[in-house]
1. Return the only residue of A:517, A:434 being over 24 Å from residue A:565 (Cα atoms) and without any contact (Cβ under 8 Å) to a residue 40 or more places away in the chain.
2. Could you list, in sequence order, all residues of the stretch B:125-163 that are in contact with a helix residue (DSSP H, G or I) (Cβ under 7 Å, 6 or more places away or on another chain), within 14 Å of another protein chain (Cβ to nearest Cβ) and closer than 19 Å to residue B:243 by Cβ?
3. What number of residues in the stretch B:2-26 are within 14 Å of chain A (Cβ to nearest Cβ) and either at pLDDT 95 or above or within 11 Å of residue B:73 (Cβ to Cβ) (or both)?
4. Quick one: would you say residue A:378 is part of a helix (DSSP H, G or I), more than 8 Å from every other protein chain (Cβ to nearest Cβ) and modelled with pLDDT of 95 or more?
5. I'd like the residue in the stretch A:531-565 that is in contact with a strand residue (DSSP E or B) (Cβ under 9 Å, 6 or more places away or on another chain) and in a loop (DSSP other than H, G, I, E, B) and, out of all such residues, is nearest to residue A:326 (Cα to Cα).
6. Confirm whether residue B:238 is at pLDDT 95 or above and either in contact with a strand residue (DSSP E or B) (Cβ under 6 Å, 6 or more places away or on another chain) or more than 14 Å from chain A (Cβ to nearest Cβ) (or both).
7. Looking at residue B:64, is it within 20 Å of residue B:100 (Cα to Cα) and crowded, with 16+ Cβ neighbours inside 10 Å?
8. Looking at the stretch A:395-416, which of the residues that are facing chain B (nearest Cβ under 7 Å) and within 16 Å of residue A:311 (Cα to Cα) is farthest from the chain's Cα centre (by Cα)?
């Protein structure tokens, strides 16, 4: 489990040279059979739940009601015009079965109807993968990336002749990359990154390509599929569509089956287990379990279908993305505060709802960002065990173990949903721990944390909501206090680092003055109101305390605030 | 003899281990792991610890073959030896094993003493100890008012099996249930374990009350307030009160506080006679879990719970406080709202 501490310097060669040999390409070529399997799996699960005509018929009516509502009251640009025709037909059919008195016949008709709906959903969700689109994208993107990242504002001319290799100077990719590459040849890799920004998806996509892994399949909000050519482009790159407005059980079951079957078929997948972006700016510790559970399910089904030697193994790889600057920080933290309740924070709605806006933002971000780090954690199996370079599982007491054992009851491999739900929670906990241990402290995070703790201490009587309403011009942090605080935190951080509970960026080893200087230069620099700014020679203040809070939260969960209690 | 499908394992041939083995033997074949030659000899001769040995029980001291033959294993040994037992069994235990322990004690990695301050992270229940030291993941515990001597007499009783995994509860129920034992289930594993542990020191206190010669009023006061105190401690450590109101909580408390047969109760009686801990240790083959429990509670200093009964008991055992002074102190302790642990 050797870890390459040095960030990669160049793009690595693909582990499988021919894109036509990639699992995702094969899956795409076999799309109809794949969908058939997905639908059958979904049906098995929902008909077990809705085991009589009454239950199934009620569900169908419920779906129809919600879908009609969606089309009228929650209409999005991405909704296709033929959808209302489809649902009108379903309505007609439901009314017909309403009249059938024979329970058996009614159940049979309703099953057919459910099948039709599932098929409709499945074709909406399904991703494609076109090696040609991928090839073109792959040629263009790095060029765009490197040029944009070099062209800081006011330096537009460099845009033209910036050299390509500098991209990995700004985008630092670290972790056990060789091991991950090896494992991708032996089994199915599931990458689970932290989620702070809409830019995480394109960034992680680019990063995975940079380390030479075959393309991943991933879920993307259907709201991003508005502009036709972008929609096709995303779809051709392996994105499947998720519609968060659809909350009916069959739809959710279908998504889970989709993911489980794709994993079983060896398609490397990308989940954002935090669900939506972290609104508080803190690392996720309560992870969404739905899709994560499909990894465990897929692993068990592989073991049921094949012998242990030939069953594909599923590997989980947590990834932490660290930015000095999150473009959407302001609207995210406002949403966080309004969800937390207590205060009526008025905020402009986060309007990044279309793919075009996201791409625009992405370009802006790349030109603006002072750099970022992407740290891969050590891979695990679906039970959260460490794995060695050959993919063998090593349990918490250092024994080489067979994962089949975890699914055996009295020597028989069986399906037990409750057991798997406990395993899913355990896995989520392990991922959260890895998020914290792979988190890389940037100078700006340390600075923001120290500054916010000082402000908190200056206003001990206020709760967090009151604190965030203190007028910014009343806030003043002396440089000496800041230095003292940073030194105090740094000691604890070094301790955490030697316990492998966190990672520190290079700047943290500099002297305190340099950390402050580097942090101030980089912390959320492109916000119109800065989280921290020099007031005079000896004092620092904030122009937006909520932003300072957001960036400070990045170091939540390490009990560092106790240093100031 | 009918054909038996399952082989259940029991680790530890103390009186409770033997009783559990006898219960299991009604539903399957049982392998009983014992270390001492004398115990093995006794069991082979069909009487051990004043109990007849069921014909379905086989005794063994071969760990490897024991682990190969049993998928469902019940460790029933004192908390002080639990860790060492796990070290011995670790090489042969796999993730396919299910372990349901019946040990009402805690494990601490540090030495205990007057000035020791413990964090809750360094205090382990037996299930946590199993998870930490072996590759087993499916763990559970068995707890409740199960005095070995009464189980041996085949008197009716109830017990609870707690685990995060429903299959562990199901398997445990299948293995244990009979016309004389009702087996309940719970997903509150840590709560049930803690309820079983915390009742130990209340039982010592009940022994003291009985030893002085006080009657039922005093004992009832002690039991209810002891339960309240246990709940305050559990809540401060992050658990809820549910398990304490069930079989493993109030059920076990009533049984142990009333039974002169219980080891904890006996310690209390000796203390009432003015014996010191060292003297008590001379009289008993194993020291009651409750002594260690009060020491641990004493060391969990930073969790802000009030535990007057445990505090006073600690001072009786370790600081030579006289029983009379202790009682006076307790009776003067300010009262709070009754049953304030239920919200």
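1. A:517
2. B:127, B:129, B:130, B:139, B:140, B:162, B:163
3. 3
4. No.
5. The extreme case among them is A:532.
6. For residue B:238, the condition - at pLDDT 95 or above and either in contact with a strand residue (DSSP E or B) (Cβ under 6 Å, 6 or more places away or on another chain) or more than 14 Å from chain A (Cβ to nearest Cβ) (or both) - is not met.
7. When the stated conditions are applied, residue B:64 does not pass them.
8. Looking at the filtered set, the residue picked out is A:408.
The values are calculated or read from the model by the stated rules, or taken from the named source; none is laboratory data. In this text, all values refer to a predicted model and were calculated from it rather than measured experimentally. Virtual Cβ from ideal backbone geometry, glycine too; neighbours counted across all protein chains shown.
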